[in-house]
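*Asks:* The structure is given below, and queries will be raised subsequently.
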Amino acid sequence: MNQAVSVTLLTGFLGSGKTTLLNYFLAHCDNAPVAILENEFGAVNIDGALLRGGENVNVVELSNGCVCCSVRGEFTAALREMLEKRAAGTLKFERLIVETTGLADPAPIVQTFFVDEHLREALRLDAVIALADAEHISRQLDEHAVAASQLGFADRILLTKADRVDEETKQLALDRINRINNKADLFEIVNGECPEVFWLDLNAFELTDNIDVAAGFHVIRADTSHPDRFQPFRKMPAKRSWDDAIQAHVFDAGILDVKKIGAFMESCIARFGNDMLRYKGVLAIADHPQRLIVQGVHKVVGFDYGSMWHPSESRVSRLVIIGRYLPIDELRQEFAATTI
């Protein structure tokens, strides 16, 4: 009972298919106790009634508002109450899935699991999973800033309803999503059919050496012997471009001076932390045999040394920032100035 409970945050705009994904999961999971924290606008939570749960599924419903607007209120209180009931043995669950309303900005929800000391010890945020409706995501991004925020915070993005659009529409959606967040793995699914191995227990918030950017997407078909098929991104026409406020930026350099990169990160977070949604770096530090790992959400950041550099490999530094309205040219110059 002392082990932290794994939490998956499930986000995505209205109609993206979150409930369909959850119902597929509930129909195919191993029957281990799971709690689902549901949130919707209005006094009646319709989505909660649509979930097909079994005896080991506990659905807790929040209504009368969006969790992103009540992080220090109803949402935090609900999490604490669930943990108290779990400790008392009246509520059994081994994992927690938080499904936000389609209008929720994930930022304050994510930060809750790091800022609140009690929740930080009892719950372990595993990953942010965002669903994107291939049929409507472009219009949603044009009209609703929160749609880009949901994608920007994601560790994994599930493209839904691609079977309802032509190939060009799908590819344009993939291209735009990747411009917003090129760090998240992209998966195309149909009718919510996505085995749990592809979106649960990802350990996305652990400080690891992996900082690859997506070169393509995975096509998931659960009813086949090979459910995961990788496809590289197609080069899209240059005339198609979008000026989304949230974009992914990659900074590359060589070996860095530890004091200079420390000052750069401190300055970056102080000046632009509110506009840096997610960021991660794997950095080569002068006179140090290990990689320096940095990972953060807004102004909540962690640093640690990771694996050793092999004598035969090139020591390069990479920092990926998913942010909005950042002075990228200025930041590139400042990042480059941290090299020895």
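The values are calculated or read from the model by the stated rules, or taken from the named source; none is laboratory data. Note that the structure is a prediction, hence the values are computed from the model and not measured. Backbone-built Cβ (ideal geometry, glycine too); neighbour counts: all protein chains shown. For accessibility, only protein heavy atoms count, side chains too; no ligands or nucleic acids. Shrake-Rupley method; radii C 1.70, N 1.55, O 1.52, S 1.80 Å.
*Asks:* Any residue in segment 235-250 that is of a type in the set (Lys, Arg), touching an Asp or Glu at 6+ places or on another chain (Cβ under 9 Å) and touching a residue at least 40 places away in the same chain (Cβ under 8 Å)?
*Replies:* yes
*Asks:* Right, next: Can Lys170 be described as in contact (Cβ under 8 Å) with a residue 60 or more places away in the chain and either out of contact with any strand residue (DSSP E or B) (no Cβ under 7 Å at 6 or more places or on another chain) or of a type in the set (D, E, K, R) (or both)?
*Replies:* no
*Asks:* With Ala214, Ala204, Ala222 as the choices, which residue is closer than 25 Å to Met308 by Cβ and either touching a Leu at 6+ places or on another chain (Cβ under 9 Å) or modelled with pLDDT under 95 (or both)?
*Replies:* Residue meeting the stated conditions: Ala204.
*Asks:* So, one more: Restricting to segment 88-124, and then to whatever is open to solvent by 10 Å² or more (accessible area, probe 1.4 Å) and part of a strand (DSSP E or B), can you tell me which residue is nearest to Ala35 (Cα to Cα)?
*Replies:* Arg95
*Asks:* Could I ask something else about it? If you take just the strands (runs of 3 or more DSSP E) that sit entirely in segment 228-286, which of them hold at least 1 residues that are under 23 Å from Ser149 (Cα atoms)?
*Replies:* Output list reads 246-253, 276-285.
*Asks:* Something else now. Looking at segment 1-30, I want the residues that are closer than 22 Å to Asp163 by Cα and have a partner that is open to solvent by 30 Å² or more (accessible area, probe 1.4 Å) and assigned to a helix (DSSP H, G or I) with Cβ atoms under 7 Å, at least 6 apart or on another chain. Which pairs are those?
*Replies:* The qualifying pairs are Thr19/Asp47; Thr19/Leu50; Phe25/Glu196.
*Asks:* Filter segment 17-48 down to residues that are open to solvent by less than 40 Å² (accessible area, probe 1.4 Å) and touching a Ser or Thr at 6+ places or on another chain (Cβ under 7 Å) and give me whichever is modelled with the highest pLDDT.
*Replies:* The residue in question is Gly17.
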